[in-house]
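Undergrad: Dropping a structure here in structure tokens format, bear with me for questions.
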Amino acid sequence: MLLVKTVEELKDVAFRIKSTNRSIGLVPTMGALHNGHLSLLKRAKQENEVVICSIFVNPVQFNNPDDLAKYPRDIEGDIKLIEPYVDVVFAPTADEVFPEPPKEHYDFGMLERVMEGAFRPGHFNGVGIIVKRLLDWTNPDKAYFGEKDFQQLVIIKSMVKQFGLKTQIVPCPIVREESGLALSSRNQRLSPEDRKKAADIHRILEESLKLKEEPISIIKEFVVNEINKIDGFKLDYYEIVDDQTLQNVEFYDLSEGIIGCIAVYVGEVRLIDNIRYK
Ligand code: PAF
């Protein structure tokens, strides 16, 4: 496994891989890696000759400085965990990635004006900036993203289309703890008691599947009410949206794919999750 810290070296390594006709799978991460990330890396390893994993807590996608400061970091633990599955790890400093403040401004239209985009202004521009740079530097055949960050996935797919990039974006299913809690680097910040409680998010979403034949407004009301009943939970949003446009769905038959997306504070930790209705 090769540890790369500079952009020049990363570009050089990627260029050399490509010039020997080997395929590259890129797995962009912010570290504090867990089994969810491992599932992306394992898939990338199966589908590509070379796997590049980036580990970079991207400051420009955090709208809240406290959230950035508290984001878990464990580069040595990360490298130990992923070593069997990666060929190249790119772990730069913030100055290396942003020698000057980034000026790019991406427009993702209506996709970025809802849910995470509405609650975290500038977040998706920050994600767009780092993901576009990583794609440009490594020119991967495939790049892997988890479906837990569903809106991010849709936005990255749209960015790849907007710029006519050749990279195939590969969505990977959510990995859950036995309790149902979706794996997230942020789970490390939950107290043992909150971690138990946080499993209720998935339990409530699963229960809402029983209402699939009811009007969308009833399903939404059920989830919002159940979440609000739990002490220590603070709901940011629960939206039931079309899986392509991310806009609210009112009638079941008008969309081919329907997904419910939630963001909820469990104590001080903000978690997101989702569930597919159709
Ligand atoms: O999903 C994440 O971990 C981040 O948003 C990503 C895609 C690595 C960009 O920093």
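Read-outs throughout are calculated quantities, based only on the coordinates presented, and are distinct from any laboratory measurement. Just so we're clear, the structure is a prediction, and the values are computed from it rather than from any experiment. Quick reminder, even Gly has a Cβ in these numbers, built from the backbone with ideal geometry, and neighbours come from all protein chains shown.
Undergrad: Quickly work out the residue 118-to-residue 80 label distance, labels modelled 7 Å from Cα along the C-beta direction, and quote it in nm with one decimal.
TA: 4.3
Undergrad: Shifting gears a bit: Obtain the nm distance between the two label points defined at residue 211 and residue 231 by a simple spin-label model: each point lies 7 Å from its Cα along the Cα-to-C-beta direction.
TA: Between residue 211 and residue 231, the simple spin-label model gives 2.4 nm.
Undergrad: Cut-off under 18 Å on the C-alpha distance; same-chain residues fewer than 8 positions from residue 142 excluded. Which aspartates and glutamates are left, in chain and number order?
TA: 47, 49, 87
Undergrad: Find which of 115, 217, 183 sits farthest along the positive direction of the dipole of the chain, computed with +1 on the beta-carbon of Lys and Arg, -1 on that of Asp and Glu, about the Cα centre.
TA: Towards the positive end, the residue furthest out is 183.
Undergrad: How long is segment 85-124 along each principal axis, judged by its Cα atoms, biggest number first, in Å?
TA: Projected onto the principal axes, the Cα atoms of segment 85-124 cover 36, 31, 16 Å.
Undergrad: Helix-only estimate, please: 222 nm mean residue ellipticity of the chain, summing -39500 (n - 2.57) across DSSP H runs of length 4 or more and dividing by its residues, to the nearest 500. Walk me through the intermediate numbers first.
TA: On the way: 10 runs with 109 residues, N = 278.
Helix contribution divided over all residues of the chain: -12000 deg cm²/dmol.
Undergrad: Taking a 19 Å limit on the Cα-Cα distance, which of the listed pairs 132/278; 11/166; 210/234 fall beyond it? The partial results should precede the final answer.
TA: Working: 132/278 30 Å; 11/166 17 Å; 210/234 24 Å.
Checking Cα-Cα distances, 132/278; 210/234 exceed 19 Å.
Undergrad: Looking at segment 175-278, which GluC sites (Glu not before Pro) are in a loop (DSSP not H, G, I, E or B) and have at most 11 other Cβ atoms within 10 Å? Write out the running numbers ahead of the final one.
TA: Details: sites: 177, 178, 193, 206, 207, 213, 221, 226, 239, 250, 256, 268; in loops: 177, 178, 213, 250, 256, 268.
Taking segment 175-278 and a limit of 11 other Cβ atoms within 10 Å, the loop GluC sites (Glu not before Pro) found are 178, 213, 250, 256.
Undergrad: Additional query: Consider just the alpha-carbon atoms of the chain and return their Rg together with their Dmax, both in angstrom.
TA: Rg and Dmax of the chain, Cα atoms, are 19.0, 58 Å.
Undergrad: Which chymotrypsin sites (Phe, Trp or Tyr not before Pro) in segment 216-278 pass both tests, a DSSP loop state and at most 14 other beta-carbon atoms within 10 Å? Numbers along the way, then the final one.
TA: Values: sites: 222, 233, 237, 238, 251, 252, 265, 277; in loops: 251, 277.
The qualifying sites are 251.
Undergrad: I've got another one for you. For segment 74-160, which trypsin sites (Lys or Arg not before Pro) pass both filters: DSSP loop (anything but H, G, I, E, B) and at most 10 other C-beta atoms within 10 Å? Each step should come with its number before you reach the end.
TA: Values: sites: 80, 103, 113, 132, 133, 142, 148, 157; in loops: 103, 113, 148.
Passing both the DSSP loop test and the Cβ count: 103.
Undergrad: Once the other residues with Cβ under 12 Å from the Cβ of residue 84 are scored (Lys, Arg +1; Asp, Glu -1), what is the net sum?
TA: Numbers: positive: 42, 45, 80; negative: 83, 87.
Counting the neighbours of residue 84, the net charge comes to +1.
Undergrad: Under 9 Å from the Cβ of residue 123, count the other residues' Cβ atoms, weight Lys and Arg +1, Asp and Glu -1, and hand me the total.
TA: On the way: positive: 120; negative: 112, 116.
So the environment of residue 123 carries a net charge of -1.
Undergrad: Given the C-alpha centroids of segment 171-236 and segment 101-125, what is the distance between them in whole angstrom?
TA: With segment 171-236 and segment 101-125 each reduced to a Cα centre, they are spaced 25 Å.
Undergrad: Segment 1-137: D in µm²/s via Stokes-Einstein (Kirkwood Rh, Cα pairs, 20 °C, 1.002 mPa s)? Walk me through the numbers before you get to the answer.
TA: Values: Rh = 15.9 Å.
Once the numbers are plugged in, D ends up at 134 µm²/s.
Undergrad: Still on this structure, please answer the following. What angle, in degrees between 0 and 90 and rounded to the nearest 10, separates the Cα long axis of helix 7-19 from the longest principal axis of the Cα atoms of the chain?
TA: Here the helix axis deviates by roughly 80 degrees.
Undergrad: Can you compute the charge dipole magnitude of the chain about its Cα centre, using +1 on each Lys and Arg Cβ and -1 on each Asp and Glu Cβ, nothing else charged? Give it in debye, rounded to the nearest 20. Could the numbers behind the result be given before it?
TA: Values: 36 positive and 44 negative charges, 110 e Å.
Result for the chain is approximately 520 debye, rounded to the nearest 20.
Undergrad: Within a Cβ distance under 14 Å of residue 58, other residues only, what is the Lys/Arg minus Asp/Glu net charge?
TA: On the way: positive: 73, 120, 132, 133; negative: 67, 95, 96, 104, 149.
Charge balance in the 14 Å sphere: -1.
Undergrad: Separate question: So, with +1 on the Cβ of K and R and -1 on the Cβ of D and E, and no other charges, what is the size of the charge dipole of segment 1-74 about its Cα centre, to the nearest 20 debye? Spell out each step's value before the answer.
TA: Details: 10 positive and 8 negative charges, 53 e Å.
That gives segment 1-74 a dipole magnitude of about 260 debye.
Undergrad: What whole-number distance in Å separates the alpha-carbon centres of segment 66-80 and segment 253-272?
TA: 25
Undergrad: Between residue 93 and residue 196, what is the spin-label point distance in nm, taking each point 7 Å from the Cα along the Cα→C-beta axis?
TA: For residue 93 paired with residue 196, the spin-label model returns 4.4 nm.
Undergrad: For segment 1-78, with equal point scatterers placed on the C-alpha atoms only and solvent neglected, what are the log10 I(q)/I(0) values from the Debye formula at q = 0.13 1/Å, to two decimals?
TA: Debye output, listed in q order: -0.48.
Undergrad: For segment 153-278, take the convex hull of the Cα atoms, compute a quarter of its surface area, and give me that in nm², please.
TA: Numbers: hull surface 34.5 nm².
Mean projected area of the Cα convex hull: 8.6 nm².
Undergrad: Would you mind checking the tilt of helix 35-47 against the longest principal axis of the Cα atoms of the chain, expressed as 0 to 90 degrees and rounded to 10?
TA: Tilt of helix 35-47: around 50 degrees.
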